[in-house]
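Novice: If you scroll down you'll find the structure; I have some questions about it.
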Amino acid sequence: MLTDPIADMLTRIRNAVAIERPHVDIPVSKVKRGLADVLKREGYIWDWKEVDGKPSAQLRLELKYGPSGERLIQRIRRVSCPGRRVYRQSKDLRPVLNGLGIVILSTSRGVISDREARQRNLGGEVLCEVW
């Protein structure tokens with residue numbers, strides 16, 4: 001049993017990008033679907049879909065690389081964890097690497113990026129940083 005399924009998802013993505021896999025399979029949940037959707041909207045992955053798997057359904061992320069094979073996801077880091085939750089208000093959200101990266105938040109309106117949170121004036125739990 002996993003104590004932090006989001007950290008497991010981020011680790012699977014990190015490992016797949018390190019060996020340049022075309023896709024990665026992750027056990028599915030609502031929050032993971034939201035994370036995958038944000039990564040797709042922000043251009044870090046091509047697409048995601050649910051595939052039937054044994055013993056449960058899997059979330060398949062189609063990873064994205066540059067024209068010369070360079071990695072678009074350089075770092076992906078868990079910020080809030082089960083033992084230490086990190087919350088930010090919209091006014092406290094600063095751009096990551098001057099806008100080259102994103103922060104993914106879990107808000108009352110779902111899982112969104114920091115850009116969307118600033119536009120909607122929403123705060124929430126900081127799930128991870130991607131750049």
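The values are calculated or read from the model by the stated rules, or taken from the named source; none is laboratory data. Not measured: the values here are computed from a predicted model. Ideal geometry is used to build each Cβ from the backbone, glycine not excepted, and the neighbour counts take in all protein chains shown. Ligands, DNA and RNA are excluded from the accessible area calculation, which covers all protein heavy atoms including side chains. Shrake-Rupley method; radii C 1.70, N 1.55, O 1.52, S 1.80 Å.
Novice: Looking at the square roots a ≥ b ≥ c of the eigenvalues of the Cα gyration tensor of segment 35-91, which shape do they give, rounded for a/c under 1.5, prolate if a/b is larger than b/c, or oblate?
Specialist: Oblate, because a/c is 1.5 or more while a/b does not exceed b/c.
Novice: Taking amide H positions as placed 1.01 Å from N in the peptide plane, with prolines and chain starts having none, which residues 5 or more places from GLY123, or on another chain, fall under 5 Å of its amide H?
Specialist: SER90
Novice: Going from most exposed to least, what order do TRP131, TRP46 have by accessible area with a 1.4 Å probe?
Specialist: Heavy-atom accessible area, descending, gives TRP46, TRP131.
Novice: Okay, moving on. Using only Cα atoms and rounding to the nearest 10 degrees, what angle (0 to 90) does helix 30-41 make with the longest principal axis of the chain?
Specialist: Once rounded, one gets 90 degrees.
Novice: Given H placed 1.01 Å from N in the peptide plane, which residues other than close sequence neighbours of GLY101 have an amide H under 5 Å from its amide H?
Specialist: VAL96
Novice: Please report, in debye to the nearest 20, how large the charge dipole of the chain is about its Cα centre when each Lys and Arg carries +1 at its beta carbon and each Asp and Glu carries -1 there.
Specialist: Magnitude of the dipole: close to 340 debye.
Novice: In Å², and per residue, what accessible area does segment 1-113 have when probed at 1.4 Å with the other protein chains present? Intermediate results must be reported in sequence, preceding the final value.
Specialist: Values: 6870 Å² over 113 residues.
For segment 1-113, the solvent-accessible area averages 61 Å² per residue.
Novice: Using a 10 Å cut-off on Cβ atoms, rank the peptides 122-130, 13-21 from the highest mean neighbour count down. Provide the component values of the computation, followed by the final result.
Specialist: On the way: 122-130: 20.0, 13-21: 14.2.
In descending order of packing, they fall as 122-130, 13-21.
Novice: Using each residue's phi in segment 93-109, evaluate 6.51 cos²θ - 1.76 cosθ + 1.60 at θ = phi - 60° and report the 3J(HN,Hα) Karplus result to the nearest Hz, with x for Gly and Pro.
Specialist: Karplus-based 3J(HN,Hα) across segment 93-109 equals 7, 10, x, 8, 6, 6, x, 7, x, 9, 10, 9, 10, 9, 10, 5, 9 Hz.
Novice: Any lysines with Cα under 27 Å of the LYS54 Cα? List them, leaving off those in the same chain fewer than 8 positions away.
Specialist: LYS30, LYS32, LYS40, LYS64
Novice: Residue by residue through segment 14-29, which ³J(HN,Hα) values in whole Hz follow from phi under the Karplus form 6.51 cos²θ - 1.76 cosθ + 1.60 (θ = phi - 60°), with glycine and proline marked x?
Specialist: 4, 5, 5, 5, 4, 9, 6, 6, x, 8, 9, 9, 9, x, 8, 7
Novice: Using Cα centres only, tell me the gap between segment 75-130 and segment 9-51 in whole Å.
Specialist: Value for the Cα centre distance between the two parts: 17 Å.
Novice: Something else about it: Long-range amide H contacts for TYR65: which residues qualify at under 5 Å (H placed 1.01 Å from N, peptide plane, sequence gap of 5 or more or a different chain)?
Specialist: Here nothing satisfies the definition.
Novice: Something else about it: What 222 nm value per residue comes from the helices of the chain, counting each DSSP H run with n ≥ 4 as -39,500 (n - 2.57) and dividing by all residues, nearest 500 deg cm²/dmol?
Specialist: -7500 deg cm²/dmol
Novice: Quick one: pull the percent of accessible area on the chain belonging to carbon and sulfur, 1.4 Å probe, ligands and nucleic acids left out.
Specialist: The C+S portion of the solvent-accessible surface of the chain is 48 percent.
Novice: Name the residue farthest towards the positive end of the dipole of the chain from the options ILE26, LEU127, VAL86, assuming +1 on Cβ of Lys and Arg, -1 on Cβ of Asp and Glu, about the Cα centre.
Specialist: VAL86
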